[in-house]
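What follows is a short report on a single structure.
Values quoted throughout were computed directly from the atomic coordinates according to the rules given, and no laboratory measurement underlies them. Computed from a prediction, not measured in an experiment: that's the story for all the values here.
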Amino acid sequence: MAAHKIHTHELRTALDRILVAVEKSHGSELTLDEDYYWHLPVEDALDLSAEPNITAVGQVSDDLAEIKQLLRNDEPVVAIWHDLPTLLAC
């Protein structure tokens, strides 16, 4: 299977456009009514040969606390494997 590539500046532009559209539709502050969700590991989401084994639960309030902590830090993100899924969960 061929690898797919995209530049980070393309992702940044696409995400910015999505956030602009969200802000136009819903305002600058979002209310998330549900706190818990099923956590599907990326590996399971990409393996179409098997049914996903969902055994973990994520928590929006925990994800938001992690995002706010990330924003308070002056250090660059060093745990992409952890911080990116947290952002995607919200």
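Enumerate the calculated ³J(HN,Hα) couplings along the range 5-15 in order (Karplus 6.51 cos²θ - 1.76 cosθ + 1.60, θ = phi - 60°), each rounded to whole Hz, writing x wherever the residue is Gly or Pro.
Along the range 5-15, the couplings run 10, 8, 7, 4, 5, 5, 4, 4, 5, 5, 5 Hz.
In sequence order, what are the phi-derived ³J(HN,Hα) couplings for the range 26-42 according to the Karplus relation 6.51 cos²θ - 1.76 cosθ + 1.60 with θ = phi - 60°, rounded to whole Hz, with x for glycine and proline?
With coefficients 6.51, -1.76 and 1.60, one gets 10, x, 7, 10, 9, 9, 10, 6, 8, 9, 10, 8, 6, 9, 10, x, 3 Hz.
Long-range amide H contacts for Gly58: which residues qualify at under 5 Å (H placed 1.01 Å from N, peptide plane, sequence gap of 5 or more or a different chain)?
Tyr37, Trp38, His39
With θ set to phi - 60° and the Karplus curve 6.51 cos²θ - 1.76 cosθ + 1.60, what are the ³J(HN,Hα) couplings of the range 49-65 in order, to the nearest whole Hz, using x for Gly and Pro?
7, 9, 5, x, 9, 8, 10, 10, 10, x, 9, 4, 4, 5, 4, 5, 5
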